[in-house]
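Working notes, beginning with the structure itself.
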Amino acid sequence: MDTRSGDHWVAWANIHARNSNRIEALEGSFRRNVETFVAVLESAGARVDVSATRRSPKRAYLFHWSWKIANGKCRPADADAAPMAGVGIRWDHGNDLQSRSGALEMTRGFGLAMPPRSIYPPALTSNHIAGRAIDMDIRWKGTLRLPRSDGGMVSVAWTPAVNANLPLHGVGASYGVRKLRSDAPHWSFNGR
Ligand SMILES: [Zn+2]
């Protein structure tokens, strides 16, 4: 395959560098904490839809550098100077216009948010990459009665504003699943 950047790398990543939305893909201790919290929610009557768990570091690498090159935030040679094992991509086509066009095909293929929607490149490291974060949508009707890990019961009223639902965050934290309050679906081992 052509090692130069371009949309064939999107197809490659969709086979070799996939993200997971399975709880079983999470890191051991966080996985057990999530399993317990989700079981508590579901047995109280909530519906839990998981959209993302472990993110592929190879995919994150392709997101990061394609975004930076496509937006003129680095030279293609800078990306080639920071290779990732198992990804034999060549970012520098020997011509800036072509290098940028190859990277742009990838940002489009991956559906990355570009300026002004997102002014930062996708991160190279995150709790998702370490298997210690989960994105999930939790829904119910009315008020749930949820046990904390110490056995105390908590009433949690439904609100669509999950980032403001402090009683729910408290129950999650008691099981080691902590809310990031700026990102609606995101929970992690440390709240980041
Ligand atoms: Zn997340």
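The values are calculated or read from the model by the stated rules, or taken from the named source; none is laboratory data. In this text, all values refer to a predicted model and were calculated from it rather than measured experimentally. Glycine also receives a Cβ, built like all others from the backbone with ideal geometry; neighbour counts cover every protein chain displayed. Ligands, DNA and RNA are stripped out before the accessible areas are found, and what is left, the full protein with its side chains, is counted by its heavy atoms. Shrake-Rupley method; radii C 1.70, N 1.55, O 1.52, S 1.80 Å.
Structural remarks
- Pair list, Cβ < 7 Å and 6+ apart or interchain, from segment 115-127 residues that are within 18 Å of residue 20 (Cβ to Cβ) to residues that are open to solvent by 60 Å² or more (accessible area, probe 1.4 Å) and within 16 Å of the ligand (Cβ to nearest atom): 126/55; 127/189; 127/192
- So residue 29, is it in contact (Cβ under 8 Å) with a residue 40 or more places away in the chain and within 16 Å of the ligand (Cβ to nearest atom): no
- Any chance residue 48 is in a helix (DSSP H, G or I) and within 16 Å of the ligand (Cβ to nearest atom): no
For every residue, the table says whether it meets (1) under 30 Å from residue 168 (Cβ atoms); (2) open to solvent by less than 60 Å² (accessible area, probe 1.4 Å).
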site: 40; (1), (2): yes, yes
site: 61; (1), (2): no, yes
site: 65; (1), (2): no, yes
site: 75; (1), (2): no, no
site: 80; (1), (2): no, yes
site: 91; (1), (2): no, yes
site: 94; (1), (2): no, no
site: 108; (1), (2): no, no
site: 129; (1), (2): yes, yes
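- Options 129, 89; residue that is under 30 Å from residue 30 (Cβ atoms) and among the aliphatic types (A, V, I, L, M): 129
- Candidates 187, 158, 140 - the one that is within 15 Å of the ligand (Cβ to nearest atom) and within 22 Å of residue 44 (Cα to Cα): 187
- Among residues of segment 77-111, those that are in contact with a Ser or Thr (Cβ under 6 Å, 6 or more places away or on another chain), closer than 24 Å to residue 126 by Cβ and not β-branched (Val, Ile, Thr), counted: 4
- Residue within segment 110-123 that is within 15 Å of the ligand (Cβ to nearest atom), touching a helix residue (DSSP H, G or I) at 6+ places or on another chain (Cβ under 9 Å), outside any loop (DSSP other than H, G, I, E, B) and open to solvent by less than 40 Å² (accessible area, probe 1.4 Å) present: no
- Check on residue 147, open to solvent by 60 Å² or more (accessible area, probe 1.4 Å) and either closer than 24 Å to residue 179 by Cβ or not small (Gly, Ala, Ser) (or both): no
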